[in-house]
Amino acid sequence: DRYLFGTGMDGYGPANLRSVDVETGAVTELWPDLYFTFAVDPENDLIALSSYHNANGYPEAGLGLFFISFDGNWRNVSEIEFDQVIYLGYEDTRFLATNADGTFAISADGTVTLLSEGRLESISPDRQWYVISSASGIDLYSADQMLVAHVDDHYFPLTWRSDSAGVLMTLDGSLVYLSVQNGQMLTMETCLAESCPYCGFDFDQCVWIP
């Protein structure tokens, strides 16, 4: 077993990603420079890391997306930078990543493919479904990149069912449930101006209890 940690560089962000063996305490340097975000593929002992640059020219190792093994070897697989990388682990698609241009799929060989011009908002606990927000609303996708449902309004995903069968979302005080099985949306709670003292406020926390 191991854990990963980085150290903050004042005014720059996280840097110096390292791995620590829980039993021996041995430390392995994985990434020497600044980075924006990373995710771990536990099935392949692989880290996908997006480096971070600033006006001072960091990082020395280069810019873009890197694959890093736990022995500290790394390779640059794309010059595209991302502000979010998430482990998916579905067949050849190992990660999902986002930046200002949209949401991308990252394959096991490092190939980066644009999935949507929208932004990845949420992924289900079983990693079989994910929600992307775009200019036209909310899109629910399956892990095999199939569009399951489109919702015109810009609901914010709050929490998934523990069995990943659906997601609770909110907009303008309304709470709705979107099923992944049929793409149907059910209104769970509304907030009416004439009867609710909290009108104008969205839900900020929601916990699913099976």
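Readers should treat all values here as calculations from the given coordinates under stated rules, not as data from a laboratory. Note that the coordinates shown come from a computational prediction; the quantities given were computed from them, not determined experimentally. Neighbour counts run over all protein chains shown; Cβ positions are idealised from the backbone, glycine included.
Here are the numbers for this structure:
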item	result
Cα gyration tensor category, rounded, prolate or oblate, for segment 39-182 with a/c compared to 1.5	prolate
THR37 long-range amide H proximity, modeled H, under 5 Å	SER50
Built amide H within the under 5 Å cut-off of THR159, gap 5+	LEU168
Mean separation of Cα contacts under 8 Å, 6 or more apart, over the residue count of segment 111-150: relative contact order %	27 percent
Neighbour cut-off at most 16 other Cβ (10 Å), DSSP loop, trypsin sites (Lys or Arg not before Pro), segment 19-127	ARG127
